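**Student:** Below: one structure in structure tokens.
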Amino acid sequence: MTEGNNLPAGDAAETSVVPVEEKRPEEAANEKKENGDSKVNITEKAPASGEAEEAEFVHPEGGWGWVVMLASMWCNGSVFGIQNAFGLLFLSLLQEFGSVDDQDLRFRTAWVGSLSMGMIFFCSPIVSVFTDMFGCRITAVGGAAVGLVGLLASSFVSSLGVMYFTYGIVFACGCSFAYQPSLVILGHYFKKRLGLVNGIVTAGSSIFTITLPFVLSGLLERVGLHNTMRVLCVLMFVLMLAGFTYKPLLPVKPATSQTGGSRLKQIFNVNIWKSWGYRIWAFGIPAALYGYFVPYVHLMNHVKERFGEDTNKEVLLMCIGITSGVGRLIFGRVADYITGVNKVYLQVTSFFIIGLMSMMIPLCYIFGGLIAVCLLMGLFDGCFICIMAPIAFELVGANDVSQAIGFLLGLMSVPMVVGPPIAGYLRDTLGSYDVAFYLAGVPPIIGGALLCLIPWVEAKRKRMENKETLRTEQDVTQKMIESEKAVVESHNKTGESVL
């Protein structure tokens with residue numbers, strides 16, 4: 001039945017007019033042979049029933065998925081809202097463990113926030129393995145529980161060295177394990193609306209980045225640093241409860257259908273590194289991020305030094321948060337109209353603007369000018385974040401995109417850890433943040449310039465593939481011509497011998 005349906009119409013018609021009486025023994029043999037083939041095909045296709053079920057799976061496009069979306073939104077907001085507001089905690093840590101004027105303490109305290117943000121990305125490849133092994137729900141709930149323990153332990157710490165472990169490692173690792181499953185689970189519930197849902201989820205971090213600084217400022221003034229951290233534990237507790245909503249829906253392939261070798265290749269995929277475009281992308285973005293996190297850590301202290309204690313510095317984080325959310329919605333839509341790897345030019349533009357804005361921070365002697373800088377910085381920060389996944393799809397394809405993003409996030413952890421402490425060291429050495437912000441703008445510009453090579457490399461690869469395809473077709477055509485010539489010559493020789 002299946003094979004017959006795959007025949008062209010002409011072949012089917014010709015088969016239908018063959019007299020039944022002719023070559024009856026041969027037809028009987030052919031029917032037996034076809035029946036035997038059909039049995040083999042059924043045997044071969046039987047193990048693929050799980051794949052057929054997965055192909056027939058219909059996403060709910062709503063229902064319980066909206067609850068999952070809100071839970072994922074809370075995850076994005078609580079994790080990155082706390083991380084982006086570290087500038088406020090940084091000042092309180094300086095007062096708690098020493099003095100704001102202690103130069104060595106500034107450098108060592110900056111490592112707490114840098115280590116925390118870096119560990120979230122550093123653990124991403126490991127989190128993807130745990131998610132495949134244990135599922136989204138167990139990984140997310142376990143990660144949130146670990147983050148809760150780390151943050152609660154940090155509220156009782158009286159030494160900066162212990163804070164590196166409790167806040168910079170334990171809390172950050174828990175956030176990483178809670179964060180990545182919140183993105184994976186959305187694909188179980190949405191397909192047609194996945195873009196919209198991802199936009200809403202990622203906007204959660206913008207909402208928390210806008211509101212949390214005001215809440216933290218009030219808490220730090222009234223209850224102090226340690227009690228403020230205990231209040232933040234409520235966010236992590238709610239995050240742990242939100243993880244229980246991650247009910248998986250996609251069919252799971254039987255474990256017996258995968259050998260040890262294939263399962264190992266699925267976990268550690270090296271095919272992505274065969275693409276030169278991905279190699280440039282995977283190293284160009286980390287190169288650009290050496291100055292990316294510097295404003296989030298040091299901008300609050302810079303404003304305090306330049307404009308005084310009474311300056312409403314939380315407005316700057318609010319501006320970054322608002323425009324970052326707007327940028328994710330706008331540039332995510334714009335990326336849909338840009339074909340292929342040319343989407344990378346959006347990231348190039350983002351890095352150029354962010355680099356220039358970082359260099360503009362020391363030049364702003366009017367607070368309104370600093371607000372304008374933060375608005376632009378947030379807008380293109382949203383652009384950079386929202387198009388990472390589409391670019392990964394273009395570079396490595398849908399089958400390898402998960403591993404591609406995981407490795408990229410892991411590589412991004414290094415510059416996020418190293419950049420802010422270097423900026424703090426420059427401030428302590430030179431007496432101001434001016435040089436630190438100037439230098440923080442250089443890596444994004446260099447990284448953006450490297451990314452400009454990706455469209456050229458991919459175009460060259462496609463030209464080579466087209467040439468190889470054309471050469472193969474020409475070889476096949478030449479062989480067919482030579483074969484036809486040989487047949488004609490053999491017929492001519494046969495005719496001459498008969499004459």
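**Student:** State the answer as a single residue: which of His226, Leu212, Ser128 lies farthest towards the positive end of the charge dipole of segment 59-250, with beta carbon charges of +1 for Lys and Arg and -1 for Asp and Glu, about the Cα centre.
**Tutor:** Ser128
**Student:** For a label point 7 angstrom out from the Cα of Phe367 toward its Cβ, which stretches of segment 313-348 have the backbone nitrogen within less than 20 Å?
**Tutor:** Correct set: 313-323.
**Student:** By how many nm would the segment from Leu241 to Phe268 lengthen if fully extended, with 0.36 nm per residue of separation less the alpha-carbon distance?
**Tutor:** Extra length available between Leu241 and Phe268 comes to 6.6 nm.
**Student:** Quick check: from the Cα gyration tensor, does segment 410-499 come out rounded (a/c under 1.5), prolate or oblate?
**Tutor:** On the way: a/c = 13.28, a/b = 6.66, b/c = 1.99.
Verdict is prolate for segment 410-499.
**Student:** In addition: Could you sort 445-457, 175-187, 361-373 so that the peptide with the highest average Cβ count within 10 Å comes first and the rest follow in order?
**Tutor:** Highest mean packing first, the order is 175-187, 445-457, 361-373.
**Student:** For segment 364-373, what does the Karplus curve 6.51 cos²θ - 1.76 cosθ + 1.60, with θ = phi - 60°, yield as ³J(HN,Hα) per residue in whole Hz, taken in order and with x for Gly and Pro?
**Tutor:** The phi angles translate into 8, 9, 10, 4, x, x, 5, 5, 4, 4 Hz.
**Student:** In whole Å, what are the Cα extents of segment 268-479 along the three principal axes, biggest one first?
**Tutor:** Taking the Cα atoms of segment 268-479, the three principal extents are 83, 34, 28 Å.
**Student:** Then there's this: Apply the a/c threshold of 1.5 to the C-alpha gyration tensor of segment 193-253 and tell me whether it is rounded, prolate or oblate.
**Tutor:** Oblate.
**Student:** At a 10 angstrom cut-off on C-beta neighbours, averaged per residue, how do the peptides 293-303, 131-141, 153-163 rank from highest to lowest?
**Tutor:** Order by mean packing, descending: 293-303, 131-141, 153-163.
**Student:** Using the Karplus curve 6.51 cos²θ - 1.76 cosθ + 1.60 with θ = phi - 60°, what ³J(HN,Hα) values do you get for each residue of segment 175-181, in whole Hz, with x for Gly and Pro?
**Tutor:** Listing the rounded values in order: 4, 5, 5, 7, 6, 5, x Hz.
**Student:** Moving to a separate point now. If you take the Cα Rg of segment 59-250 and divide it by 2.2 N^0.38 Å, with N the number of residues, what do you get?
**Tutor:** 1.05
**Student:** Going by accessible area, probe 1.4 Å, with all protein chains left in place, what is the ranking of Lys313, Lys479, largest first?
**Tutor:** Details: Lys313 25, Lys479 140 Å².
Per-residue accessible area, sorted high to low, gives Lys479, Lys313.
**Student:** Something else now. For segment 59-250, what relative contact order do you get, as a whole percent, if you take Cα pairs closer than 8 Å and at least 6 residues apart?
**Tutor:** Contact order relative to length: 41 percent.
**Student:** Ranked by accessible surface with a 1.4 Å probe, highest first, in what order do Val197, Val146 come?
**Tutor:** Ranked from most to least accessible, the order is Val146, Val197.
The values are calculated or read from the model by the stated rules, or taken from the named source; none is laboratory data. A quick note: this is a predicted structure, and the numbers were derived from the prediction, not measured. Neighbour counts are summed over all protein chains in view; Cβ atoms, including those assigned to glycine, are modelled from backbone coordinates with ideal geometry. The protein model used for the area step is the full one, side chains on, heavy atoms only, and it has no ligands, DNA or RNA in it. Shrake-Rupley method; radii C 1.70, N 1.55, O 1.52, S 1.80 Å.
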